[in-house]
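The structure appears below as structure tokens.
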Amino acid sequence: MTTASVSGPRPALDPRVDIARADLVEIGLADRVAAARYVEPFAMRCSLPRAAVRAAGDAAAVAVSELLWGEVFDVFEVTGDWAFGRSVADRYVGWAAFAALGETGAKPPQMITARLAPVFSAPDIKAAVIAELPFGAQVAGVPGDRFMALSGGGFIHNRHLAPLPADPISIARLFTGAPYLWGGRTPLGVDCSGLIQASLTAIGIVTPRDSDQQLAALGGAVAFNDRAAGDLVFFPGHVGILATRDRLFHANAHWMAVVEEPLADVIARLHTAGVEAPVAGVRRL
């Protein structure tokens, strides 16, 4: 008896996560895309508190995402002052300033869990602050009774590395009042999908970058009338998390901030803007 292998059609390439330019194709796609030039990346780590990932190698290009301190960026090409590559954490493709990247070194074992953590010059809360790292930044160092001595210098208070609650809405609330920023991923500035990604990644749920990717990848479908606190509600180009059955917590360009408001108000605004089917889906984690 022979057993036939069954395989469905491969998903279409997505330029947000797949590198298949006319002049450069990632080596991992060699079996799918014919090219004259295949490239193996080299890893670098973000060495700034936060660095924009842009749609093109130009400081004026739109920011599509961000790298945070300690996150790894696979570099496929360096052109002038810019590195073209992909974030390892969420596989998002774009251009980062080469000056924002450094050697990878050892894997950072801990994450900043405060909205913003000062890096002190000495293990003393009265010492000079030499940097500030946002929520989600990855750090490595030697733990101490009150401070972690960072590998590259400076000290982080242990309170700013404390374990987080297990529910995403409690983590999302750390971003309350944060300004809305397209491409942002921190309480210094965040967009709708960045808020969801940061909240879920912090509790170990691998989360894509954009809202349509999150709709396709996260949780199980729930009927709108069966929604509950903690569910993700998706709209055309937007996403938020339910604080209660009828209140949405989200980063949005209407208020230009992270706010909690009645879900009905969000839906009404979309109706007013001409969106006939405002809710694209509800997902339960």
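The figures follow:
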| quantity | calculated |
| --- | --- |
| Qualifying residue in region 23-44 (condition: closer than 30 Å to Ala114 by Cβ and in contact with a Phe, Trp or Tyr (Cβ under 8 Å, 6 or more places away or on another chain)) | yes |
| Top-ranked residue in region 239-275 [being of a type in the set (Gly, Ala, Ser) and touching a Ser or Thr at 6+ places or on another chain (Cβ under 9 Å); ranked as least open to solvent (accessible area, probe 1.4 Å)] | Ala251 |
| Residues that are β-branched (Val, Ile, Thr), open to solvent by 40 Å² or more (accessible area, probe 1.4 Å) and over 12 Å from the mean Cα position of the chain (by Cα), drawn from region 201-225 | Ile203 |
| Candidate set from region 153-163 (those that are free of Cβ contacts under 8 Å to residues at least 40 places away in the same chain and open to solvent by 20 Å² or more (accessible area, probe 1.4 Å)); member that is farthest from Leu285 (Cα to Cα) | Gly153 |
| In region 227-239, residue farthest from Ala277 (Cα to Cα) [restricted to those that are in contact with a strand residue (DSSP E or B) (Cβ under 8 Å, 6 or more places away or on another chain) and not in a loop (DSSP other than H, G, I, E, B)] | Leu232 |
| Condition check for Arg209: within 30 Å of Glu132 (Cα to Cα), part of a helix (DSSP H, G or I), out of contact with any Leu (no Cβ under 8 Å at 6 or more places or on another chain) and not aliphatic (A, V, I, L, M) | no |
| Residue that is hydrophobic (A, V, I, L, M, F, W, C), without any contact (Cβ under 8 Å) to a residue 60 or more places away in the chain and either open to solvent by less than 10 Å² (accessible area, probe 1.4 Å) or touching a strand residue (DSSP E or B) at 6+ places or on another chain (Cβ under 7 Å) (or both), where the choices are Ala172, Ala198, Ala166, Ala149 | Ala149 |
| Some residue of region 81-103 being exposed (fewer than 12 other Cβ atoms within 10 Å of the Cβ) and either small (Gly, Ala, Ser) or in contact with a Ser or Thr (Cβ under 8 Å, 6 or more places away or on another chain) (or both) | no |
| Of residues in region 123-151 being part of a loop (DSSP other than H, G, I, E, B) and under 26 Å from the mean Cα position of the chain (by Cα), the one nearest to Phe175 (Cα to Cα) | Phe135 |
| Strands (runs of 3 or more DSSP E) completely within region 3-86 that count 1 or more residues being closer than 27 Å to Ala137 by Cβ and touching a Cys at 6+ places or on another chain (Cβ under 8 Å) | 63-68, 72-79 |
| Candidate set from region 175-195 (those that are among the β-branched types (Val, Ile, Thr) and under 29 Å from Lys126 (Cβ atoms)); member that is most open to solvent (accessible area, probe 1.4 Å) | Thr176 |
| Lone unmet requirement of (1) in a loop (DSSP other than H, G, I, E, B); (2) over 19 Å from Leu133 (Cα atoms) for Thr104 | (2) |
| Residue match in region 73-87 (condition: over 30 Å from Pro179 (Cα atoms), hydroxyl-bearing (Ser, Thr, Tyr) and out of contact with any strand residue (DSSP E or B) (no Cβ under 8 Å at 6 or more places or on another chain)) | yes |
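The values are calculated or read from the model by the stated rules, or taken from the named source; none is laboratory data. Values in this document were obtained by computation on a predicted structure and should not be read as measured data. For neighbour counting, all protein chains shown are included, and Cβ atoms are generated from backbone atoms with ideal geometry for every residue, glycine included. The protein model used for the area step is the full one, side chains on, heavy atoms only, and it has no ligands, DNA or RNA in it. Shrake-Rupley method; radii C 1.70, N 1.55, O 1.52, S 1.80 Å.
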